[in-house]
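Here is the structure we will look at.
The values are calculated or read from the model by the stated rules, or taken from the named source; none is laboratory data. This structure is a prediction, so every number in the text was calculated from the model and none was measured. No Cβ is skipped: glycine too gets one built from the backbone with ideal geometry, and neighbour counts run over all protein chains shown.
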There are 2 protein chains.
Amino acid sequence: MIGELPDITVGQTFPSRRALHDAGVHRPLQAGICGTKQTGAESIVVSGGYKDDEDYGAVIIYTGHGGRDPETQKQVAEQSLTDPGNAALVTSYLEGFPVRVVRGAQSRSPYAPAEGYRYDGLFNVSSFGSKMGVDGFRVWQFRLEAKNQAEKIADSNREDNSPTSAEDLSPRDLVATQRVVRNTGVARQVKTWHLDQCQVCGTRLVVPGGTYSEAAHIQALGAPHNGADIVGNILCLCPNCHVLFDAGAIYLRDDLVVMAGETEVGPLRLDSRHQIRLECVRSHRARWRR
Amino acid sequence: MIGELPDITVGQTFPSRRALHDAGVHRPLQAGICGTKQTGAESIVVSGGYKDDEDYGAVIIYTGHGGRDPETQKQVAEQSLTDPGNAALVTSYLEGFPVRVVRGAQSRSPYAPAEGYRYDGLFNVSSFGSKMGVDGFRVWQFRLEAKNQAEKIADSNREDNSPTSAEDLSPRDLVATQRVVRNTGVARQVKTWHLDQCQVCGTRLVVPGGTYSEAAHIQALGAPHNGADIVGNILCLCPNCHVLFDAGAIYLRDDLVVMAGETEVGPLRLDSRHQIRLECVRSHRARWRR
């Protein structure tokens with residue numbers, strides 16, 4: 001299960017991996033990453049197994065899975081994005097899914113609990129990439145950011161007084177958020193039906209470890225449009241066509257031909273499982289005087 | 001000036017439009033929107049002049065400027081996105097710029113102050129569109145959302161007990177944020193130099209009222225990449241190429257040819273004012289094993 005669990009609170013501690021498993025917080029007994037490429041990563045454990053991990057409290061640089069000798073804990077081979085755990089974190093990045101983060105006492109982190117394991121809330125994967133690890137083999141690393149300010153670990157938990165903090169890492173002159181793309185459960189369904197191919201232009205963005213598309217609500221959510229979050233009100237679009245559709249540069253006719261102004265762009269790509277509601281199409285069109 | 005003002009606090013009240021002007025909170029003495037297409041909207045006043053306005057506290061449906069008879073306050077003509085105030089709000093939407101919101105006592109809103117004007121904090125323009133107004137002429141409307149939860153007006157401020165609240169308008173099953181595009185001051189500079197044309201594929205997204213592009217940091221901001229927010233570390237990209245670049249599907253050679261895996265995509269589009277730093281290009285490439 002992705003996200004918060006009903007009976008688990010942020011900061012709750014567990015004596016062992018078995019206890020984490022039993023509570024459903026982190027199900028595998030050994031692996032640091034729980035999840036698959038298809039579902040995304042449910043949870044990770046930061047337990048100090050990887051020397052390249054960095055922990056700044058609200059920001060964690062988490063090393064992917066694989067290539068480590070279980071005896072010596074050293075990297076002895078390159079890591080790969082096809083490893084199921086790493087692939088799960090790529091999906092979490094692409095889909096914006098939150099990941100439960102657990103810290104273990106064995107971690108070198110100043111944010112580690114004194115003993116056992118502590119559930120430290122939901123984090124987002126904000127970027128990833130590879131680097132040459134300290135042991136001379138390439139590792140993949142995922143930047144995780146605490147989803148809510150409230151979930152940031154208090155600075156007093158830290159055992160040293162070095163100036164490294166999440167604030168140092170967040171540029172202060174980020175003045176504006178230009179665009180936020182939200183992902184809902186039904187949105188994921190529509191994107192899966194279309195295999196991330198844009199219903200308008202046919203683009204399918206292929207990146208290392210996955211594919212990317214966005215769910216566009218035809219009749220926008222919230223006032224004054226008050227569209228519903230149902231598959232019939234959602235299109236699978238590439239980010240470019242999403243911008244154009246949300247700002248009225250393209251729209252749909254009742255026969256599901258895509259229009260740009262008075263020009264026919266072409267038929268919308270359809271899938272028989274995905275029935276589009278005409279009243280939503282008409283509402284979007286009316287918003288743009290069409 | 002866009003954003004918060006140094007000496008003004010959220011909730012601060014002003015006796016008159018002149019006082020708002022003198023404090024720099026909302027500079028025009030008559031117009032409801034302060035701003036231009038180029039700069040975006042600095043501030044708006046919600047003062048009840050437009051019958052189609054809706055105020056839910058943390059969400060405001062704000063009617064654009066124009067088409068109103070100053071005597072009767074009735075709409076007597078269609079509104080246009082080329083009106084400078086409306087164009088300013090479209091720029092705020094496209095760029096994600098925050099808008100200062102002032103409520104006036106004359107407003108029909110349950111969130112209006114008892115007298116004078118009150119500065120109610122920063123809002124984002126989350127969508128816009130047109131509809132047939134109550135007076136029978138088309139109006140443009142902008143959905144404004146309070147930027148910070150803390151800036152939401154306390155529900156106790158409301159004068160009636162109807163169940164309409166921002167929560168009713170925000171679908172509860174928005175489970176994930178898939179993608180957040182942040183805009184910095186230098187980012188805006190780079191996008192302006194390139195007139196919103198993608199430096200990789202040449203796409204320029206044209207929408208009613210403006211054009212859209214995104215600033216991509218070559219060497220990502222924050223740990224572990226620690227890129228700088230400077231023009232030499234920024235590309236002007238369309239959203240699709242931005243996704244590809246951030247996830248390593250495309251990268252740059254030292255000669256600034258765009259590569260996809262081992263394939264040459266073509267030369268990066270350049271502008272003599274925009275000098276790209278090679279060390280940033282190399283850092284991005286190393287992250288993707290290139």
Item to check | Failed item in (1) crowded, with 20+ Cβ neighbours inside 10 Å; (2) over 20 Å from A:PHE128 (Cβ atoms), with B:TYR251 passing the rest | outcome: (2)
Item to check | Residue that is at positive phi, at pLDDT 95 or above and more than 20 Å from the chain's Cα centre (by Cα), where the choices are A:GLY11, A:GLY67 | outcome: A:GLY11
Checklist entry - For segment A:68-86, does any single residue satisfy the condition of being of a type in the set (Lys, Arg), away from chain B (no Cβ under 13 Å), over 15 Å from A:GLY209 (Cα atoms) and free of Cβ contacts under 8 Å to residues at least 24 places away in the same chain? => result yes
Checklist outcome for this item: Here the qualifying pairs (Cβ atoms under 7 Å; residues six or more apart or on different chains; first in segment A:10-27 and within 17 Å of A:GLU42 (Cα to Cα); second among the polar types (S, T, N, Q)) come out as A:VAL25/A:SER43; A:HIS26/A:SER43
Item to check | The one condition in (1) touching a residue at least 40 places away in the same chain (Cβ under 8 Å); (2) more than 28 Å from B:LYS191 (Cα to Cα) that B:SER43 fails to fulfil | outcome: (2)
Item to check | Within segment B:7-66, considering residues that are within 14 Å of chain A (Cβ to nearest Cβ), among the β-branched types (Val, Ile, Thr) and out of contact with any Asp or Glu (no Cβ under 6 Å at 6 or more places or on another chain), the one farthest from B:GLU95 (Cα to Cα) | outcome: B:ILE60
Next on the checklist: Please list, ordered by residue number, the helices (runs of 4 or more DSSP H) wholly in segment A:165-252 having 1 or more residues that are modelled with pLDDT under 95 and within 7 Å of chain B (Cβ to nearest Cβ).
Outcome noted: A:166-169, A:185-193
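Condition check ((1) touching a Lys or Arg at 6+ places or on another chain (Cβ under 9 Å); (2) closer than 16 Å to B:PRO208 by Cβ; (3) touching a residue at least 60 places away in the same chain (Cβ under 8 Å); (4) of a type in the set (Lys, Arg)) across all residues:
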residue: A:CYS241; (1), (2), (3), (4): no, yes, no, no
residue: A:ASP246; (1), (2), (3), (4): no, yes, no, no
residue: A:ASP254; (1), (2), (3), (4): yes, no, no, no
residue: A:VAL257; (1), (2), (3), (4): no, no, no, no
residue: A:THR263; (1), (2), (3), (4): no, yes, no, no
residue: A:ARG269; (1), (2), (3), (4): no, no, yes, yes
residue: A:SER272; (1), (2), (3), (4): no, no, no, no
residue: A:GLN275; (1), (2), (3), (4): no, no, no, no
Item to check | Verdict on A:GLY96 being more than 18 Å from A:ASP52 (Cβ to Cβ) and surrounded by 20 or more Cβ atoms within 10 Å (Cβ to Cβ) | outcome: yes
Checklist entry - Can you tell me which residues in segment A:129-150 are of a type outside the set (A, V, I, L, M, F, W, C), over 17 Å from A:SER80 (Cα atoms) and assigned to a strand (DSSP E or B)? => result A:GLU145
Checklist outcome for this item: Conditions (1) of a type in the set (S, T, N, Q); (2) in a strand (DSSP E or B); (3) buried (at least 19 other Cβ atoms within 10 Å of the Cβ) -> A:SER126 fails only (3)
Item to check | When residues of segment B:93-110 are limited to those that are in a loop (DSSP other than H, G, I, E, B) and away from chain A (no Cβ under 14 Å), the one nearest to B:ILE8 (Cα to Cα) | outcome: B:ALA105
Checklist entry - Would you pick out the residues in segment B:199-255 that are within 27 Å of A:ILE61 (Cβ to Cβ), of a type in the set (Gly, Ala, Ser) and more than 20 Å from the chain's Cα centre (by Cα)? => result B:ALA220, B:GLY222, B:ALA223, B:GLY227, B:ALA228, B:GLY232, B:ALA247, B:GLY248, B:ALA249
Checklist entry - Among (1) more than 18 Å from A:GLY209 (Cβ to Cβ); (2) of a type outside the set (Gly, Ala, Ser); (3) touching a Gly at 6+ places or on another chain (Cβ under 9 Å), which single condition is A:GLU95 missing? => result (1)
Next on the checklist: Looking at segment B:258-270 only, could you name the residues that are assigned to a loop (DSSP other than H, G, I, E, B) and at positive phi?
Outcome noted: B:GLY261
Checklist entry - Residue check, B:ARG18 against (1) in a helix (DSSP H, G or I); (2) within 23 Å of B:ALA146 (Cβ to Cβ); (3) not polar (S, T, N, Q), all met but one. Which one? => result (2)
Checklist entry - Among the residues of segment A:271-290, is any in a helix (DSSP H, G or I), acidic (Asp, Glu) and modelled with pLDDT of 95 or more? => result yes
Checklist entry - For A:VAL125, are the conditions met, namely being among the β-branched types (Val, Ile, Thr), within 23 Å of the chain's Cα centre (by Cα) and within 14 Å of chain B (Cβ to nearest Cβ)? => result yes
Checklist entry - Just to be sure, is A:LYS37 surrounded by fewer than 23 Cβ atoms within 10 Å (Cβ to Cβ) and either of a type in the set (S, T, N, Q) or over 22 Å from the mean Cα position of the chain (by Cα) (or both)? => result no
